Amino acid sequence: MLLRTLKSNRAVNFFLIPLMGILFWLKDFISPKPYSFYPGEQENLLYAPLHNLLKEHPLVQILLMLILLVGMALLLIQMNNRYNIIRIRTMLPAPLFVLIVSGFTIIHAMHPVYFAAFFVLLAVYRLFSVFDQEKPYSPVFDSGFFLGVASLFYFNAVILFPAFLAGVGILSRETKWREFVVCLLGFLLPFVFAFSYVFVVEKTPEYLNILGLNINTPALDFNSNLPVLGYLGFLFVLIFLGSVKILRQYDTKKVSTRKFFIVLFLIFLFAMFGLVLVPAVSFEIFVLAAIPVTFLLSNFFVFVKSRFWREFWFWLLVIAVIVMEILA
């Protein structure tokens, strides 16, 4: 019954989406705790002012993160309605995104990855506008620019840039070198502004050191949080099932839908590359990975024919998140 309601386009879902966020983050509202940053992680150029402003107000931090989470969830609905990614109008991506991210209780705190995820989502939204356009310079530039802004909040979002470049080639009607150059220029422009600022205030060496810390500081210890590893294992089971489902549907999907899912897969793939290749990347990268995973699992829950299995896997996900809340 719950899944059926969340899949629908009923107005009640606009109430249920933030309610889910509040319920799954309630423990953190009652007892908010700051995130334990490694050196330099909280000093990214666009995140540092927010961190300094709110570091003495943990409750406000939690509220701001929840607002961002719900805002991203609603934007996912808009994306699906505009680009018909799942082929039907459904609000399921929104509550599913809130559910997936809420399971990562280790980052139920103000973290730069949430701000980065918002701009990555905007970047994907604009990138999908490229589909079948001639000379799509504006959306290509915008997608690169938003990803660059995301990287000034959470530097390791740069690992997604190759996926966006590939996405330009996949979605464009006629791919030429100009589209790739425009995307690169859009991506670099926020960094040009950033380095211009730190040069003027004579903090270039300090900023370069911060970027180095955001790459080289070892932050991931797979043995440090076994419940998170268990939750990830369950999510990867769902991702496998969702992937099998969409591969079976591939020949029946519209061309646009196929290309959108290929781009989403590349974004997920490069996020996982970041987890493996960049020492400073830790569990927070899964907030970015949750964007493509949300669409994959939404497609799975919408098109699985057996009502029993739909409900079974969805309720297992809900239970997994509840268990994570209890164990946090």
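Readers should treat all values here as calculations from the given coordinates under stated rules, not as data from a laboratory. Keep in mind the model is a prediction, meaning the values are calculated, not measured. Glycine gets a Cβ as well: all are built from the backbone with ideal geometry, and neighbour counts include every protein chain shown.
The table below lists the values:
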{"quantity": "Of (1) 24.1, 84; (2) 23.4, 78; (3) 19.5, 62, the label for Rg and Dmax of the Cα atoms in Å derived from the coordinates", "calculated": "(3)"}
{"quantity": "Hits among lysines - C-alpha to C-alpha of K253 under 29 Å, sequence gap 8 or more where chains match", "calculated": "K7, K135, K176, K245, K305"}
{"quantity": "Separation of the Q78 and T175 label points, Cα + 7 Å toward Cβ, nm", "calculated": "2.8 nm"}
{"quantity": "Kyte-Doolittle mean at least 0.5 and Cα axial length at least 20 Å: DSSP H helices in the chain", "calculated": "58-83, 112-128, 137-153, 177-200, 226-249, 255-277, 285-303, 307-327"}
{"quantity": "Net length gained if the chain between L26 and I262 were fully extended (0.36 nm per residue, minus Cα distance)", "calculated": "81.4 nm"}
{"quantity": "Values of log10 I(q)/I(0), in the order q = 0.09, 0.21, 0.22 Å⁻¹, for the range 184-328 under a Debye, Cα-only, solvent-free model", "calculated": "-0.43, -1.31, -1.37"}
{"quantity": "Cα gyration tensor category, rounded, prolate or oblate, for the range 52-97 with a/c compared to 1.5", "calculated": "prolate"}
